[in-house]
Amino acid sequence: MPSLAIVPAAGRGERFGSTRDGAASKLVAPVGGEPLLDRTLASLLDGGVDAVVVVVSPAAVLDVVTRLRDPRVRVVVNPDPSPGMFTSIQVGWEAAGEADPVLILPGDMPFVQPATVTAVVTACLRLGVVVSPRIGGRRGHPVGLPGRLRPIVLAAPRTSALGDLLGAQPGERVEIDVADPGILRDVDVKSDLS
């Protein structure tokens, strides 16, 4: 079964100072000379994920994100992202179908290293449980989920939080240590870009 990454990218990006198209403005902001979302997608694809589903808002304009044209990447619209990021995870997994494992990496996390993606995929396949990367005692992203959790995620209320849902699965979570501070770095405000 192929591995999959779901990239929730339908938030409004209000703290970033975005305007009408919210998150889209943040996702195309330059990081190291390329759009932020391109960097996030590169870490997943270079880390060996077979397919990526990017979940965007109806207003998103991401024409400058070149990796969205990669045949391994599919864009799906979340018609109502207002309840929170969990709805984008549900929309993405519903659209993608069966996969194992499934990684969740928010679109605004462009600093994750491909080696971390590889480590999470490998550990998830080997252990068959939820895998979170950890640095300095703190868990980060991407979170790897075994494919068998798909029905649980899809059946959960739209107002759920992934962490709460996973916490309800006792003995299901393993943390792996990585040397990647990018697992904790998301972009909320413009100063986070550097």
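The values are calculated or read from the model by the stated rules, or taken from the named source; none is laboratory data. Quick caveat, the model's predicted, so the values are computed rather than measured. With ideal geometry, Cβ positions are generated from the backbone for all residues, glycine too; neighbour counts draw on all protein chains shown.
Within region 65-77, at least one residue is buried (at least 21 other Cβ atoms within 10 Å of the Cβ) and modelled with pLDDT under 95. Report yes if Gly92 is in contact (Cβ under 8 Å) with a residue 24 or more places away in the chain, surrounded by 21 or more Cβ atoms within 10 Å (Cβ to Cβ) and part of a loop (DSSP other than H, G, I, E, B), otherwise no. No, not satisfied. Checking the stated criteria, Asp80 turns out to be without any contact (Cβ under 8 Å) to a residue 12 or more places away in the chain and surrounded by fewer than 15 Cβ atoms within 10 Å (Cβ to Cβ).
Okay, residues lined up against (1) of a type in the set (Asp, Glu); (2) under 15 Å from the mean Cα position of the chain (by Cα); (3) outside any strand (DSSP E or B); (4) farther than 18 Å from Ala95 by Cβ:
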| residue | (1), (2), (3), (4) |
| --- | --- |
| Ala42 | no, yes, yes, yes |
| Val54 | no, yes, no, no |
| Ala60 | no, no, yes, no |
| Val64 | no, no, yes, yes |
| Leu68 | no, yes, yes, no |
| Pro71 | no, no, yes, no |
| Val76 | no, yes, no, no |
| Pro81 | no, yes, yes, no |
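Okay, residues lined up against (1) of a type in the set (A, V, I, L, M, F, W, C); (2) at pLDDT below 95; (3) under 30 Å from Arg173 (Cα atoms):
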{"position": "Glu14", "(1), (2), (3)": "no, yes, no"}
{"position": "Asp21", "(1), (2), (3)": "no, yes, no"}
{"position": "Val28", "(1), (2), (3)": "yes, yes, no"}
{"position": "Leu45", "(1), (2), (3)": "yes, no, yes"}
{"position": "Ala51", "(1), (2), (3)": "yes, no, yes"}
{"position": "Gly84", "(1), (2), (3)": "no, yes, yes"}
{"position": "Ala96", "(1), (2), (3)": "yes, yes, yes"}
{"position": "Asp108", "(1), (2), (3)": "no, yes, yes"}
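Taking first residues from region 52-76 that are within 15 Å of Ile6 (Cβ to Cβ) and partners that are among the basic types (Lys, Arg) and assigned to a strand (DSSP E or B), the Cβ contacts under 6 Å between residues at least 6 apart in sequence or on separate chains come to Val53/Arg74.
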